[in-house]
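Asks: Structure below; questions to follow.
The values are calculated or read from the model by the stated rules, or taken from the named source; none is laboratory data. Note that the structure is predicted; figures quoted are calculated from it, not measured. Quick reminder, even Gly has a Cβ in these numbers, built from the backbone with ideal geometry, and neighbours come from all protein chains shown. What goes into the accessible areas is simple: the full protein's heavy atoms, side chains included, and nothing from ligands, DNA or RNA. Shrake-Rupley method; radii C 1.70, N 1.55, O 1.52, S 1.80 Å.
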Amino acid sequence: MSTLADLLAEHTGLPGGAVDHLQKVVAEWQLLSDLSFADFLLWVPYEPAEDAGADFL
């Protein structure tokens with residue numbers, strides 16, 4: 001199974017600092033989800049091989 005860092009490195013052009021920050025946010029999602037009685041979804045810009053527009057992963 002792929003990790004968040006692997007997926008971001010493979011499919012996006014996010015810099016290392018942004019990847020680190022996203023990993024910290026996602027690590028706290030379980031607590032935030034439980035406290036807010038909600039589900040969370042993260043969308044990041046996707047950079048396909050050909051420039052086909054603004055896609056998200």
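Asks: Taking the stretch 1-21, which residues are among the hydroxyl-bearing types (Ser, Thr, Tyr) and touching a residue at least 12 places away in the same chain (Cβ under 8 Å)?
Replies: Residue satisfying the conditions is THR12 alone.
Asks: Can you give me the number of residues within the stretch 33-47 that are open to solvent by 100 Å² or more (accessible area, probe 1.4 Å) and touching a Ser or Thr at 6+ places or on another chain (Cβ under 7 Å)? Give the derivation first.
Replies: First, pick out the residues of the stretch 33-47 that are open to solvent by 100 Å² or more (accessible area, probe 1.4 Å): 35, 37, 39, 41, 43, 47.
Imposing the further condition that a residue be touching a Ser or Thr at 6+ places or on another chain (Cβ under 7 Å) reduces the set to 39, 47.
Qualifying residue count for the region: 2.
Asks: Still on this model: Is it fair to say ALA9 is of a type in the set (A, V, I, L, M), open to solvent by 70 Å² or more (accessible area, probe 1.4 Å) and modelled with pLDDT under 80?
Replies: No; evaluated as a whole, the condition is false for this residue.
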